[in-house]
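These notes concern the structure reproduced below.
The values are calculated or read from the model by the stated rules, or taken from the named source; none is laboratory data. Not measured: the values here are computed from a predicted model. What goes into the accessible areas is simple: the full protein's heavy atoms, side chains included, and nothing from ligands, DNA or RNA. Shrake-Rupley method; radii C 1.70, N 1.55, O 1.52, S 1.80 Å.
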Amino acid sequence: TVRVNAIAWGGYGPTVFKTIMEQFVYWSWFSNALYHAAMGAMQGYTLEMVSTRLNDVLWDTMKAQWAFWIPVQLINFKFTPVRHQLNVVLVTSVVWTAFLSFAFPTKAESV
């Protein structure tokens, strides 16, 4: 059945499965919430302000993440040898983190 599924997806079955698990199940909601909460805490936000920030930006962050990371991971999982996949993610994460800092500035930077 694994072979049939791979054929049905044009050979991209495992790649699509890994990408779906990565983006929708495994880590993304937690890591994005943690990022925004930590940034708010480091900027001196109160717990209420952090909660408001999460409500304001988490969904937009998730949509941006999917637009950015899904193509990256599809290419990574399909064409990069397993031993180098982490390197691709680490280098690309620098770009993603810079984007987050630019797209979702803290209160002092957004004035």
Checklist entry - Got a sec to turn the phi values of the stretch 36-42 into Karplus ³J(HN,Hα) couplings, 6.51 cos²θ - 1.76 cosθ + 1.60 with θ = phi - 60°, whole Hz, x for Gly and Pro? => result 5, 5, 5, 4, x, 5, 5
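Calculate, in nm to one decimal, what residue 82 and residue 20 gain on full extension: separation in residues at 0.36 nm each, minus their alpha carbon distance.
Details: separation 62, 0.36 × 62 = 22.32 nm, distance 1.74 nm.
Separation in residues times 0.36 nm, less the Cα-Cα distance, equals 20.6 nm.
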Next on the checklist: With a 1.4 Å probe and all protein chains left in place, how much accessible area per residue does the stretch 54-109 have, in Å²?
Outcome noted: 63 Å²
